[in-house]
Amino acid sequence: MRYESARLSAFSAAEPPKRQRVDAGFFTLALILLAMGVVMVLSSSYARAYYDPGNVTGGNGAYYFLRQLIFALLGVGAMLLASRLPMDFYRRYAFHFLGLTLVLLMLVPVIGVKANGSRRWLGVGGLTLQPSELAKLAVILSFSLLICRFRGRMRSFRYGILPFLAILGIIIGLLILEPHFSASIIIIAIGGVMMFLGGVGLGWFIAALGSVFAAVAILLTFFPYASGRVSTWLDPFSDPSDAGYQIVQSLYSIGSGGLSGLGLGGSRQKFLYLPEEHNDFIFSVACEELGFIGAALILALFALLILRGYWIALHQRDRFNFLTCAGISTLLAIQVFLNVAVVTNLVPCTGISLPLFSYGGTALLIQLFEMGIILSASRELM
């Protein structure tokens, strides 16, 4: 009888742990932010869609909202699908995904859709796909896999630096052809964070930081456009009708909100004063309509989502799972910080969207898919 009990205990210990449910806190926070984002797209875009300056919406004030709602529903489906796929699936196909992303990025300069002076999208059956959004996830997955393979050798140049720089160099080179500098900045930042988590020596980051400062100095010295951008950032009111127009209107919008805001739908700047009001500058409209209290609530929810993502990462059994969850959480944190920093003029103006809020189908689908990956990892907690 004792032998039988011991054998059953040994068999139970050898069984793989049963899959848990997804993390309810992370899932709920993602859905709350998504719902708030869709509502803000309706509120911020209604005036532009109704007046239809570009003759795109046909005067339908709900045009952008309905499209965002459809992508939000599809995105929730993508998130649920991603949460059902085991983490071994993402490990197995990380390089396949990277290869697909590189092919799509190569196609953009050749057959991509051009808008606002840039060619960043691929037309797919009346819809557009932005491969730069895929590139962010591809870097996280491929770097996580490489770090796991080179574990113990990450401090050497051959294993800890060269393959990662090669991937980043190819992706950044393709993004510059579009051009898409904001995506390049984000991908370089997330790549650096992944390498740091992987164990690359601190000296390499100090050298890289020195190179960045040198490049910025050269850019400001020999390229008037760049120095003009910095001058506008330092004093946007010096040219409020031209170079500083967008950030000035954003600051007006934020300042008008006060403590409690003008009320949902009450923004005045969205009436074709503030450019990109439903996209990169949607947080400005949120500040105007919901006030400091509403804006603080949005940022608090993002902070809770990011911290929960890190908590899930830190409780993983597997190194690949940890790196992937930490990478996605860091990507979310970087984009939220940079978007808010841009609209408040904390950093020079560049096109960075606010995750789960800004209008854009590709970005929303991929962001929700990334949330699903974290939910998948949450099933395998220690």
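Coordinate-derived values only; no laboratory data. These numbers come from a predicted model, not from an experiment. Using ideal geometry, Cβ is built from the backbone for each residue, glycine included, and neighbour counts are taken over all protein chains shown.
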Self-check item: For the range 104-222, the spread of Cα positions along each principal axis, largest first, Å
Solution: 48, 39, 17
Quiz item: Considering amide H positions built from the backbone, and no H for Pro or chain starts, which residues 5 or more places from Val113, or on another chain, come under 5 Å of its amide H?
Solution: Arg120, Trp121, Leu122, Gly123
Practice problem: Show that you can apply the helix-only estimate: for the chain, add -39,500 (n - 2.57) for every DSSP H stretch of four or more residues, divide by all residues, and state [θ] at 222 nm to the nearest 500. | Solution: -23500 deg cm²/dmol
Quiz item: How much length, in nm to one decimal, is gained on full extension between Asn60 and Val347, taken as 0.36 nm per residue of separation minus their Cα-Cα distance?
Solution: 99.8 nm
Quiz item: Given Phe292, Gly372, Leu107, which one lies farthest toward the positive end of the charge dipole of the chain, if we put +1 on the Cβ of every Lys and Arg and -1 on the Cβ of every Asp and Glu?
Solution: Gly372
Exercise. Take every Cα-Cα distance within the chain, group them into 20 Å bins from 0 onward, and report for each bin the whole-number percent of pairs it holds.
Key: 26, 56, 16, 2, 0
Self-check item: Under 5 Å, built H, 5+ apart or other chain: amide partners of Asp239
Solution: Gly244
